[in-house]
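Q: My structure is below; once you've seen it, I'll send some questions.
The values are calculated or read from the model by the stated rules, or taken from the named source; none is laboratory data. If you're wondering where the values come from, they're calculated on a predicted model, not measured in any experiment. Using ideal geometry, Cβ is built from the backbone for each residue, glycine included, and neighbour counts are taken over all protein chains shown.
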Protein chains: 2
Amino acid sequence: MENSKVVKAAILIIGDEILSGRTEDANLSYMAQWLGQLGIQVAEVRIVADHEDSIVDAINALRHAYDYVLTTGGIGPTHDDITSDAVAKAFNVPIDYHPKALEILQAHYEEGEFNAARKRMARIPQGGVLIDNPISVAPGFEIENVFVMAGIPMINRAMLESIRHRLVGGAPVRSRVVAAHLAEGAVAERLGNIQLRYGRVSIGSYPYYRSSHFGTTFVLRSAEQDDLAAAFDDVVAMIGDLGGDPIFDELKVKPVK
Amino acid sequence: MENSKVVKAAILIIGDEILSGRTEDANLSYMAQWLGQLGIQVAEVRIVADHEDSIVDAINALRHAYDYVLTTGGIGPTHDDITSDAVAKAFNVPIDYHPKALEILQAHYEEGEFNAARKRMARIPQGGVLIDNPISVAPGFEIENVFVMAGIPMINRAMLESIRHRLVGGAPVRSRVVAAHLAEGAVAERLGNIQLRYGRVSIGSYPYYRSSHFGTTFVLRSAEQDDLAAAFDDVVAMIGDLGGDPIFDELKVKPVK
């Protein structure tokens with residue numbers, strides 16, 4: 001049975017490397033689309049440094065504002081991995097070695113390799129429920145509505161599969177996309193009128209320049225199938241009326257960087 | 001004369017398309033590195049929807065917390081471009097057509113093409129100072145410590161050049177990078193000790209898996225050149241002591257997605 005409630009999530013990306021620009025985030029787009037398929041809309045993203053107060057403040061702001069919070073990064077064995085401690089502080093609970101996490105890690109390492117730094121990865125805030133990591137074993141954890149996961153994309157994706165059954169989505173939001181070699185400024189008035197007629201459809205327009213053409217990509221989103229189809233027909237009709245040719249090929253309407 | 005103060009900025013990315021995951025942000029990494037070269041550290045990033053309250057709240061939180069706020073997105077001619085209005089609301093000032101912006105836009109369009117939607121792009125919050133857009137003319141604007149810019153990467157980059165002389169950076173933060181085929185868990189204790197010795201150097205470690213090797217990239221950052229050099233030497237010595245070969249080639253130590 002489908003839930004008709006809009007379910008919203010925030011993603012919190014933790015790491016100096018993303019903020020410095022040296023590393024490009026490689027999880028956000030994947031996570032947002034993956035959550036979207038479960039009927040969960042990403043409503044906000046924050047990126048903060050490996051700095052305790054910044055993480056605590058972001059966790060507390062986001063967990064009260066949204067149904068779910070998913071975090072990435074900062075749960076490894078080194079001194080700059082402080083996410084678990086910060087989450088414990090945000091929830092005002094103690095943090096300690098989790099027996100099951102210790103057991104999983106102990107079994108994974110050779111005798112003598114399970115040093116103090118690696119043991120740190122078994123520290124979980126009180127009340128945390130482990131998230132399986134089928135790639136490199138060290139678990140994430142869930143506490144209330146916050147899911148704490150690794151930042152390495154391969155591990156992040158595996159952890160998402162581990163939590164899939166724990167997330168309850170709302171009505172899935174579908175999208176329809178069409179583009180045309182028409183400037184945004186030429187379509188804006190008509191497009192605004194279509195938006196006014198369909199309050200339950202979100203209509204976005206995104207300009208592009210390509211092969212010396214101005215153009216606009218139109219992305220329509222809604223949980224209401226009938227409204228979405230009707231609004232889409234109106235946008236396609238508008239394109240024709242303004243002398244454009246609608247481009248339906250999803251690959252061709254991908255935004256250009 | 002170099003400013004020794006740490007200067008911090010936040011980036012606010014505005015747009016449903018980034019949150020949905022359909023479009024990958026293409027500005028953050030460039031902007032962060034560009035600001036870093038001016039001695040301005042990006043301390044926080046937020047991504048919010050094309051939704052007035054979300055933009056207002058983010059602007060107000062960030063402009064009080066950081067020296068500068070740079071926004072991208074939402075300043076075009078269509079109904080979903082609401083950034084300028086939201087910024088006016090955040091500053092509690094009126095918004096109206098800016099004579100110079102109107103003049104620039106009017107001169108750009110052919111007779112009859114300068115319609116109401118395009119005129120909207122000349123609406124600037126009271127007190128806003130225009131930011132030149134040498135690509136597609138429609139300006140951004142600066143109000144107090146907030147710089148409102150376009151999201152299209154080509155235009156965003158051009159606008160950054162337009163504001164370069166208005167930003168005052170602190171001591172530039174330099175970085176040194178080295179990698180080794182050593183697991184994070186094997187280096188963590190020694191690395192933590194190096195971090196303890198150099199309080200003014202930020203040492204980050206980033207695990208990778210490549211060609212079936214575990215490895216770690218070490219990124220050291222500091223505004224203090226001598227400390228940076230000394231800490232870097234210690235990390236390189238640590239790699240040798242642990243049986244690794246330091247990899248200095250920046251291309252080879254780029255993170256793998």
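Q: Identify, please: which residue in region B:235-248 is part of a loop (DSSP other than H, G, I, E, B) and within 14 Å of another protein chain (Cβ to nearest Cβ) and is, among those, surrounded by the most Cβ atoms within 10 Å (Cβ to Cβ)?
A: Keep residues of region B:235-248 that are part of a loop (DSSP other than H, G, I, E, B), which gives B:242-246, B:248.
Right, trim to within 14 Å of another protein chain (Cβ to nearest Cβ) and you get B:242-243.
Working: B:L242: 14, B:G243: 10.
Looking at the filtered set, the residue picked out is B:L242.
Q: Here's something else I'd like to know. Being part of a loop (DSSP other than H, G, I, E, B) and at the interface with chain A (Cβ under 10 Å from one of its Cβ atoms) is the filter here; which residues of region B:54-98 pass it?
A: Scanning region B:54-98 gives B:G73, B:G76, B:P77, B:T78, B:H79, B:D80, B:D81.
Q: Here's another thing I want to ask about it. Consider B:M154 carefully, then state whether it is under 28 Å from A:R190 (Cα atoms), of a type in the set (A, V, I, L, M), free of Cβ contacts under 8 Å to residues at least 40 places away in the same chain and assigned by TED's automatic domain parsing to the domain that holds B:A58. Before the answer, list the steps.
A: Working: under 28 Å from A:R190 (Cα atoms): yes; of a type in the set (A, V, I, L, M): yes; free of Cβ contacts under 8 Å to residues at least 40 places away in the same chain: yes; assigned by TED's automatic domain parsing to the domain that holds B:A58: yes.
In short, yes.
Q: A:W34 is checked against (1) more than 7 Å from every other protein chain (Cβ to nearest Cβ); (2) part of a loop (DSSP other than H, G, I, E, B) and fails just one. What number does that condition carry?
A: Condition (2) is where A:W34 drops out.
Q: Just give me the residues in region A:37-53 being within 23 Å of A:A86 (Cα to Cα) and part of a helix (DSSP H, G or I), in sequence order. Can you show your working first?
A: Of region A:37-53, the ones within 23 Å of A:A86 (Cα to Cα) are A:42-53.
Matches in region A:37-53: A:E52, A:D53.
Q: Follow-up question, since we're still on this one. Only one of B:S20, B:S29 is within 10 Å of chain A (Cβ to nearest Cβ) and under 29 Å from B:R120 (Cβ atoms); which? It would help to see each step written out before you state the result.
A: On the way: B:S29 fails: under 29 Å from B:R120 (Cβ atoms).
Result of the check over B:S20, B:S29: B:S20.
Q: How many residues, within region A:165-181, are of a type outside the set (V, I, T) and either more than 13 Å from every other protein chain (Cβ to nearest Cβ) or crowded, with 20+ Cβ neighbours inside 10 Å (or both)? So that I can check it myself, show each step before the final result.
A: Going residue by residue through region A:165-181, those that are of a type outside the set (V, I, T) are A:165-167, A:169-172, A:174-176, A:179-181.
Now drop any that are not either more than 13 Å from every other protein chain (Cβ to nearest Cβ) or crowded, with 20+ Cβ neighbours inside 10 Å (or both), which leaves A:165-167, A:169-171, A:179-181.
Qualifying residue count, region A:165-181: 9.
Q: Here are some conditions: (1) in contact (Cβ under 8 Å) with a residue 12 or more places away in the chain; (2) more than 20 Å from B:F214 (Cα to Cα). A:E103 meets all but one. Which one does it not meet?
A: Checking A:E103 against (1) in contact (Cβ under 8 Å) with a residue 12 or more places away in the chain; (2) more than 20 Å from B:F214 (Cα to Cα), the one that fails is (1).
Q: With B:G185, B:G204 as the choices, which residue is more than 16 Å from the chain's Cα centre (by Cα), on the phi < 0 side of the Ramachandran plot, outside any helix (DSSP H, G or I) and free of Cβ contacts under 8 Å to residues at least 40 places away in the same chain?
A: Values: B:G185 fails: outside any helix (DSSP H, G or I).
Being more than 16 Å from the chain's Cα centre (by Cα), on the phi < 0 side of the Ramachandran plot, outside any helix (DSSP H, G or I) and free of Cβ contacts under 8 Å to residues at least 40 places away in the same chain holds for just one of B:G185, B:G204, which is B:G204.
Q: Moving on to the next point. Would you check which residues across region B:112-164 are within 14 Å of chain A (Cβ to nearest Cβ), of a type outside the set (K, R) and under 17 Å from B:I40 (Cβ atoms) and list them?
A: Matches in region B:112-164: B:N156, B:L160.
Q: Given the condition free of Cβ contacts under 8 Å to residues at least 12 places away in the same chain, closer than 17 Å to B:D53 by Cβ and polar (S, T, N, Q), answer yes or no: does some residue in region B:79-89 qualify?
A: No: zero hits.
Q: Out of region A:105-120, which residues are under 26 Å from A:E52 (Cβ atoms) and within 32 Å of the chain's Cα centre (by Cα)?
A: A:L105, A:A117, A:R118, A:K119, A:R120
Q: Kindly indicate whether A:R174 is touching a Lys or Arg at 6+ places or on another chain (Cβ under 8 Å), basic (K, R) and touching a residue at least 40 places away in the same chain (Cβ under 8 Å). Reasoning before the result, please.
A: On the way: touching a Lys or Arg at 6+ places or on another chain (Cβ under 8 Å): yes; basic (K, R): yes; touching a residue at least 40 places away in the same chain (Cβ under 8 Å): yes.
Answer is yes for this residue.
Per-residue answers, yes or no, for (1) outside the structural domain of A:M149 (by TED's automatic domain parsing); (2) small (G, A, S); (3) touching a helix residue (DSSP H, G or I) at 6+ places or on another chain (Cβ under 8 Å); (4) buried (at least 22 other Cβ atoms within 10 Å of the Cβ):
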| residue | (1), (2), (3), (4) |
| --- | --- |
| A:N27 | no, no, yes, yes |
| A:Q33 | no, no, yes, no |
| A:I59 | no, no, yes, yes |
| A:R63 | no, no, yes, no |
| A:T71 | no, no, yes, yes |
| A:I75 | no, no, yes, yes |
| A:P94 | no, no, yes, no |
| A:P99 | no, no, no, no |
| A:E111 | no, no, no, no |
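Q: Inside region B:37-53, can you point out the residues that are more than 10 Å from every other protein chain (Cβ to nearest Cβ) and of a type in the set (D, E)?
A: Hits for region B:37-53 are B:E52, B:D53.
Q: Further question on the same structure: Anything in region A:207-222 that is over 16 Å from A:V235 (Cα atoms) and either within 26 Å of the chain's Cα centre (by Cα) or not polar (S, T, N, Q) (or both)? List them, or say none. Quick ask: steps written out before the conclusion?
A: Of all residues in region A:207-222, those over 16 Å from A:V235 (Cα atoms) come to A:208-214.
Scanning region A:207-222 gives A:Y208, A:Y209, A:R210, A:H213, A:F214.
Q: Please work out which residue is farthest from the chain's Cα centre (by Cα), limiting yourself to region A:37-69 and to residues that are closer than 15 Å to B:L19 by Cβ and of a type in the set (V, I, T).
A: A:I47
Q: While we're looking at this one, here's another question. Within the group B:I55, B:I131, which residue is in contact with a helix residue (DSSP H, G or I) (Cβ under 6 Å, 6 or more places away or on another chain) and surrounded by 23 or more Cβ atoms within 10 Å (Cβ to Cβ)?
A: Details: B:I131 fails: surrounded by 23 or more Cβ atoms within 10 Å (Cβ to Cβ).
Being in contact with a helix residue (DSSP H, G or I) (Cβ under 6 Å, 6 or more places away or on another chain) and surrounded by 23 or more Cβ atoms within 10 Å (Cβ to Cβ) holds for just one of B:I55, B:I131, which is B:I55.
Q: Filter region A:216-234 down to the residues that are of a type outside the set (K, R) and within 12 Å of chain B (Cβ to nearest Cβ) and list them by number.
A: Initially, region A:216-234 is screened for residues of a type outside the set (K, R), giving A:216-220, A:222-234.
The answer is A:T216, A:T217, A:F218, A:V219, A:L220.
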